[in-house]
Amino acid sequence: MKQEGKNVVEILKDLIELRVGNMSAKPEQSTKDKGAEAQSKNASTRDSKQHKSIRRLIRHPQFRDYALSTKDVWVITDLWLFHLEFPQRGSSFQSICAHAKLDNYDVSACGDFILSLLERNILNFYDRMSGDYYLNPLLLQSAEYTLSKSLLLKIMGRDLPLELQRNLKSEWCNDQDFLEDLRLIFDLCYNSFGELGCRNSPPEYPILSATLSLLCARIDAAPPHLGIKAITIKYSLQECHLALLLLTWYHQLYGDDCLDERDIVHALAPNPRQRWKVQKELDQDSLLLSEAILVKEPQYRRGPICGVTVSR
């Protein structure tokens, strides 16, 4: 997708070159006065180009939902360059604040900025974050971060929902069609975006959410004789219920038998403040468990924890 003749990769390339040009700029080799005048003119030209490129990125159709600020743009620019030079490596709390030209000693402002980037799915934790970083902001300072995979895809001009859609059957005529697409779409999601293709390591939330939303939309449009559609109608399942059911079903049929309750909660609610909503749907008096659509079973592979399966 292009805007004003530039796609996102080209805009970021311009910003990187301007950034590097600013750092390496030297006075013209002339008289002192003329050199200072030329340097000032060059700086003004660079500033104008920077402002134009920043505005282009902020207004780009793929990035409007991020509500980017100038600081956000510089962080994305610098981390994109870091990603190109050092793939599969994380960036520290301090380095991200430096990219945004924030004072590292102002930990509250830096923490709020990092939180904003996480909440808008611009950044993702390099390693899984289990703790509540709202309760303990020190977790943010010790963590490492990367640009989210969903944002990286947008930088490269990819439309994930559209590309996943192309892999699905045109329609589901029977339960076998549904199950084949369930496996296919989750296999693509996990193998392409999970940690080293591990089925027990769900992809980051925007990727998983796009996959689940696509399946839910197809279920909504499916004929009523389809098994999953009949269950949806019978129990008046909402999208939040279907997300739990589909994720659990996939792991039970094609993965490692069942998911840990904790894994499900973290996969569907990476934000600690939203986890209670998912946990509520896994309580014994919830719709899915009270109607025996899902059941909890003891597991001892990693200590006495609960696994979740679809009722047979």
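The values are calculated or read from the model by the stated rules, or taken from the named source; none is laboratory data. Everything numeric here is computed off the predicted structure, so don't read it as measured data. Cβ sites come from the backbone with ideal geometry, for glycine too, and all protein chains shown count toward neighbours.
Every residue, every condition in (1) hydrophobic (A, V, I, L, M, F, W, C); (2) in contact with a helix residue (DSSP H, G or I) (Cβ under 9 Å, 6 or more places away or on another chain), yes or no:
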site: PHE125; (1), (2): yes, yes
site: ARG128; (1), (2): no, yes
site: LEU139; (1), (2): yes, no
site: LYS154; (1), (2): no, yes
site: SER170; (1), (2): no, no
Point to revise | Every residue from the stretch 104-144 that is among the β-branched types (Val, Ile, Thr) and either assigned by TED's automatic domain parsing to the domain that holds PRO272 or surrounded by 20 or more Cβ atoms within 10 Å (Cβ to Cβ) (or both) | key: ILE114, ILE122
Exercise for review: Name the single residue, out of those in the stretch 99-144 being assigned to a loop (DSSP other than H, G, I, E, B) and among the hydrophobic types (A, V, I, L, M, F, W, C), that is nearest to LYS6 (Cα to Cα).
Suggested key: ILE122
**Study point:** Residues of the stretch 3-21 satisfying the condition of being surrounded by 13 or more Cβ atoms within 10 Å (Cβ to Cβ) and either modelled with pLDDT under 90 or among the small types (Gly, Ala, Ser) (or both)
**Key:** GLN3, LYS6, LEU18, ARG19, GLY21
Exercise for review: State whether the residues of the stretch 145-160 include one that is crowded, with 18+ Cβ neighbours inside 10 Å, hydroxyl-bearing (Ser, Thr, Tyr) and assigned to a strand (DSSP E or B).
Suggested key: yes
Point to revise | Output for the stretch 49-90, where each listed residue is of a type in the set (Gly, Ala, Ser), in a helix (DSSP H, G or I) and either touching a Phe, Trp or Tyr at 6+ places or on another chain (Cβ under 7 Å) or over 14 Å from GLU10 (Cα atoms) (or both) | key: none
